[in-house]
Amino acid sequence: MTGTDGVVLITGASSGIGRSTALYLAERGRRVVAASRARGRLAELESEASRRGLPVAGVELDVNGEAGLSEALEAIAAEHGHIEVLVNNAGYGLFGPVQTLASDELRAQMETNFFAAARLIRQVLPAMIGKGRGTIVNVSSVLGRIGTPFNGAYVSSKFALEGLSESLRHELRPLGVRVIVVEPGLFRTGFRDNQVTAAAIESEDGAPYRRYLKDYGSRHDRFSLRAKDPVRVAKVIHRAIRSRRPRFRYQVGMESRLGVLGSRLLPERVYLSLVGRAVRR
Ligand SMILES: NC(=O)c1ccc[n+]([C@@H]2O[C@H](COP(=O)([O-])OP(=O)(O)OC[C@H]3O[C@@H](n4cnc5c(N)ncnc54)[C@H](OP(=O)(O)O)[C@@H]3O)[C@@H](O)[C@H]2O)c1
């Protein structure tokens, strides 16, 4: 286990996996700094934490912006203690066939799910390397390992995050900083409400996919009923960060384990037909 004198900084902590992880870690004695783009969105988490006497401090941090980021992180370290664990959790999905994705929509997707995480990592590393220890947890997805239809933007952003993490873990290993990638399957969070749909989906560019989009939508609605409590992801993050020798990748949930395993072990044609069922009746 790493020392526990520093804080755990979690981005996108106002809801879903971030919120669950903040409470779960704090319940187990970790001091948590819960970050959100808007302080107001943390009100509910902060009041629950204070009612239960849990060490969770809310901070406003816009992960999408570079301006003022290093000052914000310095202020966190000065007020709450050094950042020992960074959980890059903030993220959303951009939905739509690749043909309908506008460049600015794609850039925004990469900005939040990839560049923001890379930026935060760069900012926290000097202190972690200086201390010779620290942990970076990147919340990826099963879609960081396999591509599914109409999620090309999201999948690309998570593949990028996985690639960055792979290189980073080798670079940081001799310096005492661990890199962990968490790959959730399907969890009950605000993810679907926060999902952005490509503006051109209803345009001519979206026309060839319309029937498949409808089939995908109804299958996905049914699939969503199986979504699990995000505390499961929180438990895995807790286990990983307190482990003396954490694994590099943690799949959470059956969909994630089966998805990754299926893509690796099934014959190509069987795998294609299984994924194809998501878009064809
Ligand atoms: N739910 C799932 O089934 C699932 C599966 C695999 C992976 N994941 C990943 O898990 C992480 C957490 O997602 P969640 O499921 O807990 O969803 P969520 O409830 O929507 O929480 C995501 C958080 O990310 C932040 N966020 C959303 N859009 C953003 C944007 N455009 N710019 C900056 N921050 C933004 C928000 O935090 P603030 O508003 O507080 O800043 C939001 O609370 C994400 O990285 C997601 O890709 C989720």
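FYI, it's all coordinate maths here, none of it is from the lab. All of these numbers come straight from a predicted model, not from anything done at the bench. Glycine gets a Cβ as well: all are built from the backbone with ideal geometry, and neighbour counts include every protein chain shown.
Key figures for this structure:
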quantity	calculated
Top positive-direction residue, dipole computed over the chain with Cβ charges, set ASN113, SER273, ASN89	SER273
Shape call, the range 1-105: gyration tensor on alpha carbons, a/c limit 1.5	prolate
Candidates VAL181, VAL260, VAL155: whichever shows maximal mean-square fluctuation once the chain is modelled as a Gaussian network with Cα springs under 10 Å	VAL260
Cα principal axis extents for the chain, largest first, Å	55, 39, 34
Distance from the range 82-138 to the range 177-241 (C-alpha centre basis), Å	18 Å
Anchor LYS228: lysines whose Cα lies under 25 Å away (excluding residues fewer than 8 positions away in-chain)	LYS158, LYS214
Over the range 202-281, volume per residue of the alpha carbon convex hull, in Å³	142 Å³
Mean projected area (nm²) of the alpha-carbon convex hull when the range 113-229 is viewed from all directions	8.7 nm²
Charged-residue dipole, Cβ positions (Lys, Arg, Asp, Glu), the chain about Cα centre, Debye nearest 20	1540 debye
Eligible aspartates and glutamates near LYS235 by straight Cα distance, threshold 12 Å, same-chain separation 8 or greater	GLU27
Residue (of GLY217, ALA153, GLY132) at the positive-pole extreme of the range 118-235, dipole from beta-carbon charges	GLY132
Percent breakdown of C-alpha pair distances by 10 Å bin, ordered from the shortest bin, for the range 1-60	27, 58, 14, 1
Listed residues LEU261, LEU168, LEU23, most fluctuating in the chain (Gaussian network, C-alpha, under 10 Å)	LEU261
Charge dipole (the range 184-239, unit charges on Cβ, about Cα centre) - positive-most of PRO208, VAL231, GLY190	VAL231
Charge dipole magnitude, Cβ of K and R +1, D and E -1 - the range 130-250, Cα centre, debye nearest 20	1060 debye
Mean ellipticity per residue at 222 nm, deg cm²/dmol - from DSSP H runs of n ≥ 4 across the chain, formula -39500 (n - 2.57)	-14500 deg cm²/dmol
Charged-residue dipole, Cβ positions (Lys, Arg, Asp, Glu), the range 127-187 about Cα centre, Debye nearest 20	240 debye
